[in-house]
1. Can you give me the angle between helix 127-136 and the longest principal axis of the chain, using Cα atoms only, in degrees from 0 to 90, rounded to the nearest 10?
2. Restricting to DSSP loop positions (anything but H, G, I, E, B) with no more than 15 other Cβ atoms inside 10 Å of their own Cβ, which chymotrypsin sites (Phe, Trp or Tyr not before Pro) remain in region 6-67?
3. Below 13 angstrom from the Cβ of Ala134, what's the summed charge of the other residues (Lys, Arg +1; Asp, Glu -1)?
4. Once each part is reduced to its C-alpha centroid, what is the distance from region 1-48 to region 84-137 in angstrom?
5. Which FRET efficiency value, to the nearest 0.05, do you get for Ile60 and Glu98 by plugging their Cβ-Cβ distance into 1/(1 + (r/R0)^6) with R0 = 22 Å?
6. What is the local net charge at Tyr35, summed over the other residues whose Cβ is closer than 13 Å to its Cβ (Lys, Arg +1; Asp, Glu -1)?
7. List the trypsin sites (Lys or Arg not before Pro) in region 113-185 that DSSP assigns to loop (not H, G, I, E or B) and whose Cβ has at most 16 other Cβ atoms within 10 Å. Which are they?
8. Place a label point 7 angstrom from the Cα of Lys91 along the Cα-to-Cβ direction, then list the residues of region 42-69 whose backbone nitrogen is under 17 Å away.
Amino acid sequence: GSADEIWTGTFHSVCMRIIRSNVAKMGYSDGVTIYDTDDTKKTLSAVMKDLNIDEKAFPIKSVAGEISRAKEKLLTPGSYAETAAGGYREKIYARIYEEYQKRLNNSNALDFDDIIMQTVLLLKNDAEVRRYYARKFRYICVDEYQDTNPAQFALCSLLAGEWKNIMVVGDDDQSIYRFRGATIENILNFDKTYPDAKVIKLEQNYRSTKTILDAANAVINKNQGRRKKTLWTENDEGTKIVLEE
């Protein structure tokens, strides 16, 4: 294959390319719209008005966050409603999510989280499309893998399903996006998911002084649920760390 067949991009841009080529198979029509945060908020506000749900009790931001987290876990409105069977707030969220998703579909629109979720559902449900992309991408490399969420993990697994040539790069100690749905287990369990995987630790640091690395190692060692590693450097000791309160 030639170099112009190589894809490079964010999860969302790669998924958009797949969506644009498979719009009809996903139940959408050409010219599908992508909602930004404002579009999402406006739609949620209209939904809640129609369902007589008070925005003071259920702030739009909280509702949007809950639906976003559901989509990052690949929960459809139906499966979300099943998991929400117990809680009062969750039942309300489930009603809003269901109505919100109907409106998206009726408007031939996807929101930001749908970009990945709907691509994953397409690959899961359509064997022909899944085989096409799994064969197309002979090698897959994912950077910043510690910041991936369950939907992104599922996407990688589906795309790597044919050749099993998947390489991920990341640092479990630099995982900072749990609040955005990232799950550190993706990187910690990578070699359990792919038992043939070879793990290469990059422990030499070229940027920092020995003093900085010793301090960093001392702090990082206290992290729970991590891969053991010790950063070292050939650089100078460097100046002492100044602590300001």
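1. The angle comes out near 30 degrees.
2. Taking region 6-67 and a limit of 15 other Cβ atoms within 10 Å, the loop chymotrypsin sites (Phe, Trp or Tyr not before Pro) found are Trp7.
3. That works out to +4.
4. Spelled out, the Cα-based centre of one part sits 12 Å from the other.
5. Efficiency computed from Cβ-Cβ geometry: 0.85.
6. -2
7. Passing both the DSSP loop test and the Cβ count: Arg138, Lys164.
8. Under cut-off, by backbone N: 51-54, 58.
Here, each number is a calculation from the coordinates, and none is a lab measurement. Nothing here was measured: the structure is a model prediction, and the numbers come from that model. Quick reminder, even Gly has a Cβ in these numbers, built from the backbone with ideal geometry, and neighbours come from all protein chains shown.
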